[in-house]
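Right, one structure below, let's go through it.
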Amino acid sequence: MADEVVCTTGRVPDWVHASASELGVRFVRLDPLDPDAVSGQLRRHRPLGYLLNWPDLGPFVDADLADAAGGLRIVTYLGQSPEPAFYVDALDLDALRDRSIVVTTAPGAEDAVAESALAFLLAFELRLVPSNLARRNTPTAPVAQPRRHGLTGASLGIVGMGRIGRRVAELAAAFGMELSYFSRTQRPEVEAALGARFVPLTELFGACDHVSLHLPMGTTEGMIDAEVLAHASGVTLINTTSLATLVDPEALLQALERGNVARVGLEGRYREPYDERLRSYGDERVLLMPPYSSYDTPRTERLGWQRYLESLAAVRRREPVPHRIGA
């Protein structure tokens, strides 16, 4: 009996190929990734599954692509959140569900993303970038000035208390930080375990030394706007888990100029001219990283792919499917 096909939009590790083969599945990478070409390839392969995996997520998966695939049974976005709002820019969830296609994600990246958020804070508070530059430029420099601050005793506000937000809270609590959070759903278990306070968004920006954003993209674009940032007073703003545009770019630049936002750590980029204006700030105020896959560390890569294989195996065996989006 021939293997069933899963069409993918990115690289698949060798060990995943081997594990999928044991399930009777083989991967076919789609190339190029424009809608017409993908539609033709789906018609040719008639896949069991369609996997959107980093770095080339491919075209928007709508009713036309689903129909082109024919007997598609599972679509997976190799992402972290179970919240449907995260996927509205990539998947037509209603169209897929109308066709009885299971839609899943692959959680497991919360550690890597949370560590990135704390890395930004540590880099700022311990002055790692300018201290490294000073040490290289003046090898015999005396004790560095000005003094560092550190995280212990500082206050951190977390916007979005899902898997990643909670992991950030756990790491921050281990550093001895005071925690506040804003989320669509209040999390009493987090409050009990970590001593976090649930507060309104504007109060969080007004009360905290640092704010870390962990909300889904799509419906939250521009949520952090001029009105929200006006409540801040010298806050450090970290955005590692969402599109840059979760924060309105013009409002952010104005807040930097006025001092409402003292420092920004951003994974990702804005469109021009906003990105150029942000890059004009020195690294004591703005630290920038390119967007990373959330699954680019060995541990998170393995977890994410293992959870994908769990969903794929359940579909093959016609068993209840784990890691469903919106479940």
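Of the residues 191, 257, 267, 178, the single one that is modelled with pLDDT under 95 and closer than 25 Å to residue 150 by Cα is 267. Looking at residue 118, is it part of a helix (DSSP H, G or I), surrounded by fewer than 18 Cβ atoms within 10 Å (Cβ to Cβ) and among the aliphatic types (A, V, I, L, M)? For residue 118, the condition - part of a helix (DSSP H, G or I), surrounded by fewer than 18 Cβ atoms within 10 Å (Cβ to Cβ) and among the aliphatic types (A, V, I, L, M) - is not met. Listed by first and then second residue, the pairs linking a residue in the stretch 162-179 that is in the same structural domain as residue 151 (by TED's automatic domain parsing) to a residue that is surrounded by fewer than 21 Cβ atoms within 10 Å (Cβ to Cβ) and assigned to a helix (DSSP H, G or I), with Cβ atoms under 8 Å apart and 6 or more places separating them unless they lie on different chains, are 167/111; 169/194; 170/194; 171/115; 173/194; 179/173; 179/194. Close contacts from the stretch 50-77, counting a first residue that is not assigned by TED's automatic domain parsing to the domain that holds residue 28 and a second that is modelled with pLDDT under 95 and surrounded by 15 or more Cβ atoms within 10 Å (Cβ to Cβ), with Cβ to Cβ under 8 Å and a gap of 6+ residues or different chains, come to none at all. Within the stretch 171-186, is even one residue of a type in the set (Phe, Trp, Tyr), farther than 20 Å from residue 282 by Cα and under 20 Å from the mean Cα position of the chain (by Cα)? The answer is yes, given that some residue of the stretch 171-186 is of a type in the set (Phe, Trp, Tyr), farther than 20 Å from residue 282 by Cα and under 20 Å from the mean Cα position of the chain (by Cα). Can you tell me which residue is farthest from the chain's Cα centre (by Cα) among those in the stretch 289-321 that are surrounded by 14 or more Cβ atoms within 10 Å (Cβ to Cβ) and assigned to a loop (DSSP other than H, G, I, E, B)? Here the answer is 321. Against the test of being under 24 Å from residue 292 (Cβ atoms) and part of a strand (DSSP E or B), the options 33, 51 yield a single qualifying residue, 51. The selection criterion, being part of a loop (DSSP other than H, G, I, E, B) and touching a residue at least 24 places away in the same chain (Cβ under 8 Å), holds for residue 270. One residue stands out in the stretch 141-160 among those that are part of a loop (DSSP other than H, G, I, E, B) and at pLDDT 85 or above: the one that is farthest from residue 170 (Cα to Cα), namely 149.
The values are calculated or read from the model by the stated rules, or taken from the named source; none is laboratory data. These numbers come from a predicted model, not from an experiment. Note that each Cβ is placed from the backbone with ideal geometry, even for glycine, and that neighbours are counted across all protein chains shown.
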